[in-house]
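*Asks:* Input: one structure, supplied below.
The values are calculated or read from the model by the stated rules, or taken from the named source; none is laboratory data. Only a predicted model underlies this, so the values are computations on that prediction, with no experimental measurement involved. Note: ideal-geometry Cβ built from the backbone for every residue, glycine included; neighbour counts use all protein chains shown. Side chains are part of the model used for accessible areas, which takes the heavy atoms of the whole protein and leaves out ligands, DNA and RNA. Shrake-Rupley method; radii C 1.70, N 1.55, O 1.52, S 1.80 Å.
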Amino acid sequence: MGPVMIKEQWIMYAIGGLTAYIFIRICVSQKWMVARVEEILWNALFLFVAVWKLSYTLFHPIDAFSSPLNQLYFTGGEKGVVLAFGVVMLYLIFRVKKDKQQLKFYIEPSFIALLTAFGSYQLLTLVLSFSAPLYAILQIVLTVILVVYWFVANVRKHNHPLWPGMILWFSLGSDVEENIACSLSISARSWENIFFKRASLPFLQPY
């Protein structure tokens, strides 16, 4: 963009974030989410980015103090992401107690926003051929299923929290790329043993 060099990946992140923002605005306007969610998500996003960026100094103090400009270009990596998520969770718990709301009213919108941004990002990687097509398609399908599941449950006025199961399924599905080769390598006979002879496996029997 003129003399400014911007990585395509950052533009894709921005588009994913914008998609999530629009979706959250729609949900709030339709009363699917409480009105305070938008403000809380903005605060959570700011906290996440700030902690993620500043975690570089925490995990690499010598490099940060010897070259202060490194803080502008580097982050805390995966450890910084974990730390940032931890801080955001503490913030959400604090808001739950302060506003005297159930945890699901803030956790679920946060997770839905992440799913929307993630699904939009995967769609862009698929269109621009930035990732393996099968992986991107499976991630998009998983994201759509979880969002639709949450939407349908809200229309039916569910009272139980959905986020623990949704996070579990998303975590399992996010490792699908590494397991595709293993899954496809299982012979047809093995699949037959799993699905049609499960009587010999007590933990697979229905209750």
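*Asks:* Taking segment 155-166, which residues are at pLDDT 75 or above and surrounded by 15 or more Cβ atoms within 10 Å (Cβ to Cβ)?
*Replies:* 162, 166
*Asks:* Restricting attention to segment 119-151, which residues are open to solvent by less than 30 Å² (accessible area, probe 1.4 Å), aliphatic (A, V, I, L, M) and without any contact (Cβ under 8 Å) to a residue 24 or more places away in the chain?
*Replies:* The one that is open to solvent by less than 30 Å² (accessible area, probe 1.4 Å), aliphatic (A, V, I, L, M) and without any contact (Cβ under 8 Å) to a residue 24 or more places away in the chain: 136.
*Asks:* For segment 60-77, how many residues meet the condition of being crowded, with 16+ Cβ neighbours inside 10 Å, under 26 Å from the mean Cα position of the chain (by Cα) and among the hydrophobic types (A, V, I, L, M, F, W, C)?
*Replies:* 1
*Asks:* Are any residues in segment 81-106 open to solvent by less than 40 Å² (accessible area, probe 1.4 Å), modelled with pLDDT of 85 or more and under 17 Å from the mean Cα position of the chain (by Cα), and if so, which ones?
*Replies:* Those that are open to solvent by less than 40 Å² (accessible area, probe 1.4 Å), modelled with pLDDT of 85 or more and under 17 Å from the mean Cα position of the chain (by Cα): 84, 86, 88, 92.
*Asks:* Testing residue 45 on (1) open to solvent by 70 Å² or more (accessible area, probe 1.4 Å); (2) more than 18 Å from the chain's Cα centre (by Cα), one condition comes back false. Which one is that?
*Replies:* (2) is the only condition that residue 45 fails.
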